[in-house]
1. Counting only residues that are assigned to a helix (DSSP H, G or I) and within 6 Å of the ligand (Cβ to nearest atom), which one in the range 69-85 is farthest from residue 170 (Cα to Cα)?
2. Consider residue 198 carefully, then state whether it is more than 16 Å from the ligand (Cβ to nearest atom), at pLDDT below 90, on the phi > 0 side of the Ramachandran plot and not in a strand (DSSP E or B).
3. Collect the residues in the range 235-292 that are in a loop (DSSP other than H, G, I, E, B) and closer than 21 Å to residue 218 by Cα, keeping them in residue-number order.
4. Scan (1) modelled with pLDDT under 95; (2) within 16 Å of the ligand (Cβ to nearest atom) for the single condition residue 106 breaks and write down its number.
5. Find all pairs meeting these conditions: Cβ atoms under 6 angstrom apart; at least six residues apart or on different chains; first residue within the range 50-76 and closer than 20 Å to residue 250 by Cβ and modelled with pLDDT under 95; second residue within 16 Å of the ligand (Cβ to nearest atom) and part of a helix (DSSP H, G or I).
6. If the Cβ limit is 6 Å and pairs must be 6+ apart or interchain, which residue in the range 202-225 that is without any contact (Cβ under 8 Å) to a residue 60 or more places away in the chain and more than 17 Å from residue 256 (Cα to Cα) pairs with which residue that is assigned to a helix (DSSP H, G or I) and more than 10 Å from the ligand (Cβ to nearest atom)?
7. Scan the range 217-237 and tell me whether some residue there is under 16 Å from residue 83 (Cα atoms) and either touching a strand residue (DSSP E or B) at 6+ places or on another chain (Cβ under 7 Å) or surrounded by 21 or more Cβ atoms within 10 Å (Cβ to Cβ) (or both).
8. For residue 267, are the conditions met, namely being under 27 Å from residue 117 (Cβ atoms) and either free of Cβ contacts under 8 Å to residues at least 24 places away in the same chain or loosely packed, with under 13 Cβ neighbours inside 10 Å (or both)?
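The values are calculated or read from the model by the stated rules, or taken from the named source; none is laboratory data. Given the structure is predicted, the values throughout are model-derived calculations rather than measurements. Quick reminder, even Gly has a Cβ in these numbers, built from the backbone with ideal geometry, and neighbours come from all protein chains shown.
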Ligand code: GDP
């Protein structure tokens, strides 16, 4: 007798070898399971995921990594559907990953609730994977990097990492991609669109979506405004000057130019060496993020801190103990713990 969970149990037991070979062969079922493994919090899964990642590492790094952000309603899923379609028509295999900051706090999510990207989901050259949930945003972003590497090892040439433009998730995505694309709307002020200046500054391209119908002339005016705004920012280390483009994700216009722009930026930054240096820096930052996370976890989970913290917190709250002294005292306890 084979009960449903028997097959589940069997399903969860792939050998490390099988994961590695399946991922490298581009087997989507194994890839999905390898991603699930990477997202797991169980110690034995984490160990196995590390082995898999280490083995596939030499086969990673070959994709164009593109971050896509914008406030809800700007047209992210419509854009990714249309632009993703174009990318696959150019004979590229595309993986779409999402970082959804909302799913951490609530059970629901801004990005995931509705049925999104139905066309792309049926496209044989596209692979869509929603955000991991259940841990801090930092943890999710770290896992997304692992997922990105797995997708590259599985032969995906282009990776989109989508996030909703409402918080720190854009900064995290910016830190793991080569090209950062900010979707905007014409006619609404920056404040209305909830876009902070810092996010504009990170953009390699500002793409004004919904440049169709009655909205076209407003979009053209907005293009000039954004071009002027971008010129005011100091140029960054990449040497790439951010561009403004118009598109209609709905009518699928302007998308070719955006793809050409991304290819041009890749060429240019590869020639100057920025591309490689940036990727190296991103890897090192990832290491540092992981170290911080591990240290913080070990700190708060340790018995000495758990027993000392409530009392010290009270003293800090009451204004009896300076926060810095309190932190030093706790750190001393932590470092001297048995
Ligand atoms: P998201 O919340 O950023 O993922 O936005 P959606 O892709 O769900 O789009 C929000 C709404 O804007 C939907 O009703 C889309 O049909 C519409 N929309 C998206 N792109 C365009 C476009 O290029 N032109 C027009 N007119 N509407 C669009």
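1. Of everything passing the filter in the range 69-85, 78 is farthest from residue 170 (Cα to Cα).
2. Answer is no for this residue.
3. 242, 247, 249, 250, 251, 252, 254
4. Checking residue 106 against (1) modelled with pLDDT under 95; (2) within 16 Å of the ligand (Cβ to nearest atom), the one that fails is (2).
5. 69/170; 70/76
6. Between residues of the range 202-225 that are without any contact (Cβ under 8 Å) to a residue 60 or more places away in the chain and more than 17 Å from residue 256 (Cα to Cα) and residues that are assigned to a helix (DSSP H, G or I) and more than 10 Å from the ligand (Cβ to nearest atom), the close pairs are 202/174.
7. no
8. So residue 267 fails the test.
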